[in-house]
Amino acid sequence: MNAELPSALAAADARRPRVMVLFGGRSGEHAISCATAGGVLRALDRERYDVLAVGITPTGRWVLADEDPDRWAITPGRLPQVEDAAARVQLPQDSTDREVHLVERSAVPRPLGEVDVVFPLLHGPFGEDGTLQGMLELADVRYVGAGVLASAVGMDKHMMKLVLAGHGLPVGPFVVVPPGAYQRDPQAVTAQVEALGLPLFVKPARAGSSLGITRVDDLADLPAALAAAQEHDPKVVVEAGIVGREIECGVIGGRAGARARASLPGEIVVDHGKHAFYDFEAKYLDEASVELACPADLSPEVTRRVQEIAVQTFEAVGGEGLARVDVFVTPDEQVVVNEINTMPGFTPYSMYPRMWQASGLPYPELVDELVQLALERPTGLR
């Protein structure tokens, strides 16, 4: 650990640091968050860390959760979910406190001990979008991953594209459909979208894991695609289809002020006879239809370019901790950024840890590195 840790954290050196694994949440990616938590709970070294598992129910209640990783696995016919409980978990209430409590109606709050770092494994809105990060900042609690602004920018595909383009990074053509815009003037929106050409990808601006995304090959299907996206987010992004290979690259923060590091890239190859693109079902429910090639079969020059653009993307949004950057590599070997995910899928079989495994950093060591980065990072402005 950093020799210049603040005194509050240095005092924790006499004991094992306590990690709160936080998962579930209110978004449509609740089950994916639970599956991710199972992988991290299995990987955390109990000889190095004390672990507290806390789940957030779909209604937003914080409860003590089972630490058994198998409880949170996705199995045929079953998606895991955090169940409600009478007692709720309460974070520290001021910046001088590290104590977490269990609070039950008409009972004295029961202390659960101090927490040194939170590992927030929530995907989507109300977890990955800066809202949770803001609450942890207010409580002055260290946490793994991106801060408030980077999380919010990474979650909002509209803002993300503007920030990346402003930094001179290559992004594809797109149109934003604000809330109510199509209902007010469908002809104007259709004309804007038509200029992008076909095919199109219609996406909720602030959702992940391919939820609510539709490939559109005929403009007659645009209204249904917009409606499907708006089931997840009133703001919609419509992207021009890009011909190219879907390549991903993992990024992890640097130690002691060093630059962030990029993994070897990986490639997603989807069986297009079953899935039009890498959708939710292909990601999590029909793995046999998807090949994850890691490392990707790219030339050394293109590999270096993908890695450099991934790190630049991470830096452009102010990333911390970890991120996965998704790009397209076109037939003429141009690299175009698709998006950055500041809390990527993190089961041992997810692309992010697999890319780091191929880069020489196995899953347990990756989890440990992320916790150590969070412990070294000061709270507040940085």
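The values are calculated or read from the model by the stated rules, or taken from the named source; none is laboratory data. None of these values were measured; they are calculated from a predicted model. With ideal geometry, Cβ positions are generated from the backbone for all residues, glycine too; neighbour counts draw on all protein chains shown.
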message = What pairs come out if I take residues in segment 40-54 that are among the aromatic types (F, W, Y) and pair them with residues that are surrounded by fewer than 16 Cβ atoms within 10 Å (Cβ to Cβ) whose C-beta lies under 7 Å away, six or more apart or interchain?
response = Y49/R16
task = Would you tally the residues in segment 74-116 being out of contact with any helix residue (DSSP H, G or I) (no Cβ under 9 Å at 6 or more places or on another chain), assigned to a loop (DSSP other than H, G, I, E, B) and more than 30 Å from G208 (Cα to Cα)?
result = 11
request  = Please state which of the following conditions I213 fails to meet, knowing it meets all the rest: (1) free of Cβ contacts under 8 Å to residues at least 40 places away in the same chain; (2) crowded, with 21+ Cβ neighbours inside 10 Å.
outcome  = (1)
inquiry  = Tell me yes or no: at least one residue of segment 55-69 is in contact with a helix residue (DSSP H, G or I) (Cβ under 7 Å, 6 or more places away or on another chain) and buried (at least 23 other Cβ atoms within 10 Å of the Cβ).
reply    = no
key: The one condition in (1) in contact with a helix residue (DSSP H, G or I) (Cβ under 9 Å, 6 or more places away or on another chain); (2) at pLDDT 95 or above that L196 fails to fulfil   = (1)
request  = Kindly indicate which of T347, T379 is closer than 21 Å to E29 by Cα, outside any helix (DSSP H, G or I) and polar (S, T, N, Q).
outcome  = T347
ask   = Given the structure, is R215 within 23 Å of the chain's Cα centre (by Cα) and either in a strand (DSSP E or B) or among the acidic types (D, E) (or both)?
value = yes
query = Within segment 224-235, is there a residue that is under 17 Å from the mean Cα position of the chain (by Cα), farther than 30 Å from V371 by Cα and part of a strand (DSSP E or B)?
reply = no
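Return the residue satisfying two criteria in turn: it lies in segment 276-325 and is among the polar types (S, T, N, Q) and over 23 Å from D129 (Cβ atoms), and of such residues it is modelled with the lowest pLDDT. Spell out the reasoning first.
Taking segment 276-325 and keeping what is among the polar types (S, T, N, Q), we get 289, 299, 303, 307, 312-313.
From the residues that got through so far, the ones that are over 23 Å from D129 (Cβ atoms) too are 289, 299, 303, 307.
Numbers: S289: 58, S299: 97, T303: 98, Q307: 98.
Here the answer is S289.
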ask   = Out of (1) within 21 Å of Y352 (Cα to Cα); (2) at pLDDT below 95; (3) touching a strand residue (DSSP E or B) at 6+ places or on another chain (Cβ under 7 Å), the odd one out for Q90 is which?
value = (1)
Entirely in segment 130-196, the helices (runs of 4 or more DSSP H) that have 1 or more residues that are closer than 21 Å to V371 by Cα = 131-138, 148-155
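Taking segment 209-254, which residues are of a type in the set (G, A, S) and in contact with a helix residue (DSSP H, G or I) (Cβ under 6 Å, 6 or more places away or on another chain)? Quick ask: steps written out before the conclusion?
Of segment 209-254, the ones of a type in the set (G, A, S) are 209-210, 212, 220, 224-225, 227-229, 240-241, 244, 250, 253-254.
Those that are of a type in the set (G, A, S) and in contact with a helix residue (DSSP H, G or I) (Cβ under 6 Å, 6 or more places away or on another chain): S209, S210, G212, G250, G253.
Can you confirm whether F119 is aromatic (F, W, Y) and part of a strand (DSSP E or B)? If you could, list the steps in order and put the result at the bottom.
Values: aromatic (F, W, Y): yes; part of a strand (DSSP E or B): yes.
Taking the combined requirement at face value, the residue satisfies it.
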message = Against the conditions (1) at pLDDT 95 or above; (2) part of a loop (DSSP other than H, G, I, E, B); (3) of a type in the set (D, E, K, R), where does R255 fall short? Just the number, please.
response = (1)
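Mind checking which residues of segment 131-156 are charged (D, E, K, R) and either surrounded by fewer than 19 Cβ atoms within 10 Å (Cβ to Cβ) or closer than 17 Å to R324 by Cα (or both)?
Let us first name the residues in segment 131-156 that are charged (D, E, K, R), namely 137, 140, 142, 156.
Answer for segment 131-156, where residues must be charged (D, E, K, R) and either surrounded by fewer than 19 Cβ atoms within 10 Å (Cβ to Cβ) or closer than 17 Å to R324 by Cα (or both): E137, D140, D156.
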